[in-house]
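Asker: I'd like to ask some things about the structure below.
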Amino acid sequence: MTQPDNSENFVPRGAIAFFAFLIALGLIIWFGIYFLMLERI
Amino acid sequence: MIDVFERRIILVSILVMGLFILAIFYAMGARKADVTECLPYDKTYETARVEQLDKTTYQIFYVARMWNFEPSVAYIPVGSEVDLFVTSNDVVHGFNVYNKNVNLMAVPGGVTKTTVRFDQPGVYKVVCHEYCGTGHQNMQAEIIVNYPKKQ
Ligand SMILES: [Cu+2]
């Protein structure tokens, strides 16, 4: 059984979505604490 | 040769870290967030006291021990800028002022210092937030920020 070779235009969609999710989560947690800190100055 | 998607991920990571660093500089510069200092220790910090430098500037020298802070109550007029110096007589304690940007460690043989402004009147609870023994949950003090006496 042979599969068509399309490794040339492979896009790691799942990895990109997961990375974007991690970045967004990191930003929300970090800036959540950051703006709480600014409020308390 | 590095993969194009890997390169983009590294670039985004660097940009986000740069954003964090810029936000820290904004808080320190434009918003004057105080950066906690560790001062060289000497015996005078073992005397708990409140000192008034001028009309709106105070210094509170806290001594933490099992299981209280001294001074346990401090009165400060509203709008004051207060330098907090914290040390410990026995073990490591925590020093956290409720609803303020103050989070210090009270270390025996060490002095930690921060500056805080009290623009709102109220009773500000200080709690020990570093487990220090069986009385830890009762270890607290108060900073009472009130309007100055009318004369
Ligand atoms: Cu304690």
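The values are calculated or read from the model by the stated rules, or taken from the named source; none is laboratory data. All values reported here derive from a predicted model rather than from experimental measurement. A quick note on method: Cβ atoms are made from the backbone with ideal geometry, for glycine too, and the neighbour counts reach across all protein chains shown. For accessibility, only protein heavy atoms count, side chains too; no ligands or nucleic acids. Shrake-Rupley method; radii C 1.70, N 1.55, O 1.52, S 1.80 Å.
Asker: Other chains near A:29-41: what is the mean number of their Cβ atoms within 10 Å of each residue's Cβ?
Answerer: Counting other chains' Cβ atoms within 10 Å and averaging over A:29-41 gives 4.
Asker: Could you run the numbers on buried accessible area between B and A, total for both chains, 1.4 angstrom probe, in Å² to the nearest 100?
Answerer: 1400 Å²
Asker: Here's a follow-up. Whole-Hz Karplus ³J(HN,Hα) for segment B:104-121, in order, using 6.51 cos²θ - 1.76 cosθ + 1.60 and θ = phi - 60°, x for Gly and Pro?
Answerer: Karplus-based 3J(HN,Hα) across segment B:104-121 equals 10, 10, 9, 10, x, x, x, 10, 10, 9, 8, 10, 9, 9, 10, 9, 10, x Hz.
Asker: How much accessible area per residue does the protein assembly as shown have, counting only protein heavy atoms and a probe of 1.4 Å, in square angstrom?
Answerer: Counting only protein heavy atoms, the per-residue value for the protein assembly as shown is 66 Å².
Asker: Let me ask something additional. Amide H to amide H under 5 Å from B:A106: which residues, 5+ apart in sequence or cross-chain, H placed 1.01 Å off N in plane?
Answerer: Amide H to amide H, under 5 Å and 5 or more residues apart or across chains, B:A106 pairs with B:H93, B:G94, B:F95.
Asker: Oh, and also: Per 5 Å bin, what is the whole-percent P(r) computed from every C-alpha pair distance within the protein assembly as shown?
Answerer: Result returned by the calculation: 1, 7, 12, 14, 13, 11, 9, 7, 6, 5, 4, 3, 2, 2, 1, 1, 0, 0, 0, 0.
Asker: Right, another one. Counting other Cβ atoms within 10 Å, keep those with at most 12, restrict to DSSP loop, and tell me which trypsin sites (Lys or Arg not before Pro) in segment B:1-67 are left.
Answerer: Hits after loop and neighbour filter: B:R31, B:K32, B:K55.
Asker: Enumerate the calculated ³J(HN,Hα) couplings along segment B:5-19 in order (Karplus 6.51 cos²θ - 1.76 cosθ + 1.60, θ = phi - 60°), each rounded to whole Hz, writing x wherever the residue is Gly or Pro.
Answerer: So the J values, rounded to whole Hz, are 6, 4, 5, 5, 4, 5, 4, 4, 4, 5, 4, 5, 5, x, 4.
Asker: Out of residues 5 or more away from B:T57 or on other chains, whose amide H comes under 5 Å of its own, with H placed 1.01 Å from N in the peptide plane?
Answerer: Those lying under 5 Å, H to H, from B:T57 are B:E81.
Asker: While we're looking at this one, here's another question. Sorted from largest to smallest, which semi-axis lengths in Å does the alpha carbon gyration tensor of segment B:1-106 give for its equivalent ellipsoid, taking the root of 5 times each eigenvalue?
Answerer: For segment B:1-106, the ellipsoid semi-axes come out as 41, 18, 11 Å.
Asker: A further question on this structure: Amide H of B:T36: which non-local residues (sequence gap of 5 or more, or other chain) have their own amide H closer than 5 Å, using H built in the peptide plane?
Answerer: Placed amide hydrogens put nothing under 5 Å from B:T36.
Asker: How much of the accessible area of chain A, probe 1.4 Å, is carbon plus sulfur, in whole percent?
Answerer: 68 percent
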